[in-house]
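The values are calculated or read from the model by the stated rules, or taken from the named source; none is laboratory data. Note that the structure is a prediction, hence the values are computed from the model and not measured. Reconstructed Cβ throughout: ideal geometry from the backbone, glycine too, with neighbour counts over all protein chains shown.
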Amino acid sequence: GDSVTQMEGPVTLSEEACLTINCTYTATGYPSLFWYVQYPGEGLQLLLKATKADDKGSNKGFEATYRKETTSFHLEKGSVQVSDSAVYFCALRADKLIFGTGTRLQVFP
Amino acid sequence: EAGVVQSPRYKIIEKKQPVAFWCNPISGHNTLYWYLQNLGQGPELLIRYENEEAVDDSQLPKDRFSAERLKGVDSTLKIQPAELGDSAVYLCASSLLAVGNEQFFGPGTRLTVL
């Protein structure tokens, strides 16, 4: 069945460092791809999405490109802030949302 | 605009006791979802409602779990009896009816079964 694999955390970075969180997927069709973020004590929020191959989703300085050839949707940010500390979930949607296990990001001043 | 509301936020019960979680979706959202999130894992869909109808409950353990969405608005998820392995976060989400619309998540109910 469809599945999402993302890198394990925690990812620990200093402020202003570059971030990459890897995500790969397995799907029989052409799913839409998502990154959700969960801040401490809050619900999941949609961060960005891409609905077809080569689409780039972006929001709040984060970017991810839908790579069909490598079945990947890696999350990137050029300069992280302390406020970016959260758990990030990669997800795909064919007939329903399927999430990865989440990657905790910790950013220190 | 209010988001998805869930209560209680935290619940501690002893095994074999019943427990219920309540969700109030965003106004106007016809589709409502219940997810289970185990520690260190991503959410997994338990049940999806379109208005009052449960259109996907294939992952709901029907021996002990039940859900209802009367009048197509609020929803309740029940576990009876609870087991130790049910300790998790139960998330509710809602969206507009059409396929592909963004799901908005509530803060979840953290259940601890002792």
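For the stretch B:95-114, enumerate the residues that are modelled with pLDDT under 95 and away from every other protein chain (no Cβ under 11 Å).
Within the stretch B:95-114, B:Leu96, B:Leu97, B:Ala98 meet the criteria.
Considering only residues of the stretch B:1-18 that are of a type in the set (A, V, I, L, M) and in a loop (DSSP other than H, G, I, E, B), which is surrounded by the fewest Cβ atoms within 10 Å (Cβ to Cβ)?
B:Ala2
If A:Thr71 satisfies all but one of (1) more than 9 Å from every other protein chain (Cβ to nearest Cβ); (2) at negative phi, what's the number of the condition it fails?
(2)
Can you report the number of residues in the stretch B:19-50 which are closer than 18 Å to A:Asp95 by Cα, without any contact (Cβ under 8 Å) to a residue 60 or more places away in the chain and touching a Ser or Thr at 6+ places or on another chain (Cβ under 8 Å)?
Of the residues in the stretch B:19-50, 5 are closer than 18 Å to A:Asp95 by Cα, without any contact (Cβ under 8 Å) to a residue 60 or more places away in the chain and touching a Ser or Thr at 6+ places or on another chain (Cβ under 8 Å).
Looking only at the stretch A:12-29, which residues are surrounded by 12 or more Cβ atoms within 10 Å (Cβ to Cβ), part of a loop (DSSP other than H, G, I, E, B) and over 12 Å from the mean Cα position of the chain (by Cα)?
Those that are surrounded by 12 or more Cβ atoms within 10 Å (Cβ to Cβ), part of a loop (DSSP other than H, G, I, E, B) and over 12 Å from the mean Cα position of the chain (by Cα): A:Glu15, A:Ala17, A:Ala27.
Give the residues of the stretch B:79-112 that are more than 17 Å from the chain's Cα centre (by Cα) and outside any loop (DSSP other than H, G, I, E, B), sorted by residue number.
B:Leu84 - this is the single residue of the stretch B:79-112 that is more than 17 Å from the chain's Cα centre (by Cα) and outside any loop (DSSP other than H, G, I, E, B).
Working carefully through the options A:Gly9, A:Gly57, A:Gly43, find the one that is of a type outside the set (A, V, I, L, M), surrounded by 14 or more Cβ atoms within 10 Å (Cβ to Cβ), assigned to a strand (DSSP E or B) and within 14 Å of another protein chain (Cβ to nearest Cβ).
On the way: A:Gly9 fails: assigned to a strand (DSSP E or B); A:Gly43 fails: assigned to a strand (DSSP E or B).
From the options A:Gly9, A:Gly57, A:Gly43, the qualifying one is A:Gly57.
Pick from A:Ala50, A:Ala64: which is within 13 Å of another protein chain (Cβ to nearest Cβ), touching a Gly at 6+ places or on another chain (Cβ under 7 Å), crowded, with 18+ Cβ neighbours inside 10 Å and free of Cβ contacts under 8 Å to residues at least 60 places away in the same chain? Break it down into steps so the answer makes sense when it comes.
On the way: A:Ala64 fails: within 13 Å of another protein chain (Cβ to nearest Cβ).
From the options A:Ala50, A:Ala64, the qualifying one is A:Ala50.
Do we have any residue at all in the stretch A:90-105 that's away from chain B (no Cβ under 14 Å), more than 13 Å from the chain's Cα centre (by Cα) and not acidic (Asp, Glu)?
no
The rows are residues; the columns are (1) closer than 15 Å to A:Val107 by Cα; (2) touching a strand residue (DSSP E or B) at 6+ places or on another chain (Cβ under 6 Å); (3) aromatic (Phe, Trp, Tyr).
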| position | (1), (2), (3) |
| --- | --- |
| A:Glu8 | no, no, no |
| A:Val11 | yes, yes, no |
| A:Glu16 | yes, no, no |
| A:Thr24 | no, yes, no |
| A:Gly29 | no, no, no |
| A:Pro40 | yes, no, no |
| A:Lys49 | no, yes, no |
| A:Ala53 | no, no, no |
| A:Ala64 | no, yes, no |
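Name the one entry in B:Leu77, B:Leu70, B:Leu111 that is within 30 Å of B:Lys16 (Cβ to Cβ) and exposed (fewer than 14 other Cβ atoms within 10 Å of the Cβ).
Details: B:Leu77 fails: exposed (fewer than 14 other Cβ atoms within 10 Å of the Cβ); B:Leu111 fails: exposed (fewer than 14 other Cβ atoms within 10 Å of the Cβ).
Within the list B:Leu77, B:Leu70, B:Leu111, the selection yields B:Leu70.
Can you name every residue in the stretch B:80-93 that is under 27 Å from A:Pro31 (Cβ atoms) and either within 11 Å of another protein chain (Cβ to nearest Cβ) or surrounded by fewer than 14 Cβ atoms within 10 Å (Cβ to Cβ) (or both)?
Residues satisfying the conditions are B:Val89, B:Leu91, B:Cys92, B:Ala93.
Restricting attention to the stretch B:39-50, and to residues there that are surrounded by 14 or more Cβ atoms within 10 Å (Cβ to Cβ) and either farther than 18 Å from B:Glu68 by Cα or among the polar types (S, T, N, Q) (or both), which single residue is farthest from the other protein chains (Cβ to nearest Cβ)? Write out each step before concluding.
Narrowing the stretch B:39-50 to residues surrounded by 14 or more Cβ atoms within 10 Å (Cβ to Cβ): B:41-50.
Still in the running and either farther than 18 Å from B:Glu68 by Cα or among the polar types (S, T, N, Q) (or both): B:41-44.
Numbers: B:Gln41: 5, B:Gly42: 3, B:Pro43: 5, B:Glu44: 7 Å.
By that ranking, first place goes to B:Glu44.
Give A:Gln106, A:Gln45 a once-over and let me know the one that is under 30 Å from B:Arg110 (Cβ atoms) and without any contact (Cβ under 8 Å) to a residue 24 or more places away in the chain.
The conditions single out A:Gln45.
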